[in-house]
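Below is one structure, written out as structure tokens; comments come after it.
The values are calculated or read from the model by the stated rules, or taken from the named source; none is laboratory data. A quick note: this is a predicted structure, and the numbers were derived from the prediction, not measured. Cβ placement follows ideal geometry from the backbone for every residue including glycine, while neighbour counts extend to all protein chains displayed. With ligands, DNA and RNA removed, areas are computed over all heavy atoms of the protein, side chains included. Shrake-Rupley method; radii C 1.70, N 1.55, O 1.52, S 1.80 Å.
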Amino acid sequence: MTARHAMICCSHSPLLLGALHARNKASEDAFFEAMGNAGDWLKAFDPELVVVFGPDHFTGFFYDMMPSFCIGAAARSSRDWDIEPGPLDVPADIALACHRWLNGDGFDPAMSYDLVVDHGTTIPLLELVGSIDAYPVLPIVVNCAAITRPSMPRMWAFGTSVGKFLATLGKRVMVIGSGGLSHDPPTPVLDLSSPAVIERVVNRHEATKEQFDRRQARVIEAAKALADGRESPCLPPSEDWDRAFLAALQKGGASAFDAYTDEMVDREGGFGGHEVRTWVAAAAATTAMGPYEFELDYYRIIPEWITGMAVARGRAAA
């Protein structure tokens, strides 16, 4: 019987787009090889629907109204990190049906007919298949950056509900979890920021190229300092934390993430480590569609990308 579901989880540091190259070129080359292999596997799977659980980086969502989850019935990419903007191929009927299913299952996600997704959603699509509109995509944005984040057990429950819905479609579905692992980019923290920064993360707006350039320059400088061993605002990525998370993900179930409080993630995985919520949701959705085998294809810390970089796949169990 042909598999009807599969999963790819991957890190997405925007620095991999060419802003900084790893000094250990073998680590960088191995990452792109792993992503290329995963992309070939995705194409061979020939999904009829790709579901992306991705974070937002104060690009499409702000503190004027910050949902825990948002489903896009129509979506377009931003131009952050000089990614060419454009529309995603979103099947609106499936998005609406998913929203109704979740409502009936105890969840109340936001709904958007003009969802702006940033590199958290676009990088995996670009790296895996070369385009943001190569396949029909259901984008689900998870709040990983703002302080109103859903808990990890809640993420597992949400992903499970999405997976149960996907199982009703009778389609070949590829689920992608995009984010993490440990990293600590210079992201604004509401109660520690200047009035100008607070205004930027509260008031809804579409950033200008100049604003994107300034944001990117801050991240690049912080990454250079971290890689050079100079004082940096970034907490170094942690292999111990990453490996423990990957073990919890392989174990599965909401209880595997009971220890993952926001305070623990901030302290050990960094502010960007909260993005592993997307992996939790993806694994839960895949589990809900049927047994699968977890395979870690790649893991290394790349200091120049300030991130514990990983690529993992979930194959439907035979």
Residues of the range 257-274 being free of Cβ contacts under 8 Å to residues at least 12 places away in the same chain, assigned to a helix (DSSP H, G or I) and farther than 14 Å from His183 by Cα, which ones? Glu263
Of all residues being of a type in the set (S, T, N, Q) and more than 19 Å from the chain's Cα centre (by Cα) in the range 210-261, which is farthest from His21 (Cα to Cα)? Just the residue, please. Ser255
If you go through the range 66-105 one residue at a time, how many are out of contact with any Pro (no Cβ under 7 Å at 6 or more places or on another chain) and at pLDDT below 90? 4
Name the single residue that is farthest from Ala283 (Cα to Cα) among those in the range 5-31 being exposed (fewer than 14 other Cβ atoms within 10 Å of the Cβ) and touching a residue at least 40 places away in the same chain (Cβ under 8 Å). Arg23
Report, by residue number, each residue of the range 73-92 that is in contact (Cβ under 8 Å) with a residue 24 or more places away in the chain, open to solvent by 20 Å² or more (accessible area, probe 1.4 Å), of a type in the set (Asp, Glu) and under 23 Å from Leu16 (Cα atoms). Asp82
Is it the case that Gly179 is in contact with a strand residue (DSSP E or B) (Cβ under 6 Å, 6 or more places away or on another chain) and within 18 Å of Trp81 (Cα to Cα)? yes
Could you list all residues from the range 111-157 that are charged (D, E, K, R), touching a helix residue (DSSP H, G or I) at 6+ places or on another chain (Cβ under 8 Å) and part of a helix (DSSP H, G or I)? Glu127
Considering Arg315, Arg277, which residue is of a type in the set (Lys, Arg), within 20 Å of Gly177 (Cα to Cα) and touching an Asp or Glu at 6+ places or on another chain (Cβ under 9 Å)? Arg315
With criteria (1) in a helix (DSSP H, G or I); (2) in contact (Cβ under 8 Å) with a residue 60 or more places away in the chain, Tyr298 comes up short on (1)
Condition first: part of a helix (DSSP H, G or I), surrounded by 13 or more Cβ atoms within 10 Å (Cβ to Cβ), touching a residue at least 60 places away in the same chain (Cβ under 8 Å) and not hydrophobic (A, V, I, L, M, F, W, C). Now tell me which residues in the range 199-256 satisfy that. Arg200, Arg215, Gln216, Lys224, Glu239, Asp242
Would you confirm whether any residue within the range 300-307 is among the polar types (S, T, N, Q), surrounded by 19 or more Cβ atoms within 10 Å (Cβ to Cβ) and within 26 Å of Arg4 (Cβ to Cβ)? no
Can you name every residue in the range 118-144 that is of a type in the set (A, V, I, L, M, F, W, C), under 11 Å from the mean Cα position of the chain (by Cα) and closer than 21 Å to Ala207 by Cα? Ile123, Val141, Val142, Cys144
Asn37 vs. criteria open to solvent by 10 Å² or more (accessible area, probe 1.4 Å), of a type in the set (S, T, N, Q) and either under 30 Å from Asp213 (Cα atoms) or touching a residue at least 12 places away in the same chain (Cβ under 8 Å) (or both): yes
